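Worksheet for the structure shown next.
Readers should treat all values here as calculations from the given coordinates under stated rules, not as data from a laboratory. These numbers were taken from a predicted model, which means no experiment stands behind them.
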Amino acid sequence: MINSFFKHLSAAFLVAFILLNLAQASTDNIFDHPLSAKNEQAFIEVQKEQAQISHVTGNFTQTRFMKLLSKPLKSSGRFELSKTQGLKWLQEEPFQSTLIVTEDSIKQSIEGKTAVVITKKEQPIVFSFTTVFLSIFKGNTDALKQYFKIYFMQNSDTWHIALKPLGAPLDKAIQSIEMTGTKYASRIFVNESQGNQMLIEFSNVKAMD
């Protein structure tokens, strides 16, 4: 149950990055472009622009590549991200699951069963993740720098961002995150510390009034 929870949770946190307007994939290696005086201002401007968006929705398809499995695990559904209500990750296939993440609690329900609620007091490490990603959604660049080494490239109106955790507890779960997109994120690729990988692809993403 706990392992399943963390699989859903790690995917859910990453959705917060959709408001960063990430770049299309590039043949250039993103890890050759650490955030520096040369590109930091462009990155900050992106954060400022996206911090103005308060509500976004869309569809997702998630593919997990597990070292111990011969075939990837696929799931799909919808998400909704709001500054006031937090993140709703609504998986529809291969089974129904609802994950709701706020700054104070995490609630998960599978196949309509009674929801499991986790509080900050019970799982302080888990909530270190929520603090980081919800801060990103609010355009808090300082929070991002506190937890990640940032890599950034820009090509016209497209962007490519990558992150590497600076230390615990994030480095226990994530080795690196790469994100691409245009107006909204279209693709997030995660290298997990245990050698597994996860690809999340977004579609029909739109800001809500």
In whole Hz and in residue order, list the ³J(HN,Hα) couplings for segment 28-36 that follow from phi through the Karplus curve 6.51 cos²θ - 1.76 cosθ + 1.60, θ = phi - 60°; x for Gly and Pro. 6, 7, 4, 6, 8, 10, x, 4, 8
How much length, in nm to one decimal, is gained on full extension between Asp171 and Ala37, taken as 0.36 nm per residue of separation minus their Cα-Cα distance? 45.7 nm
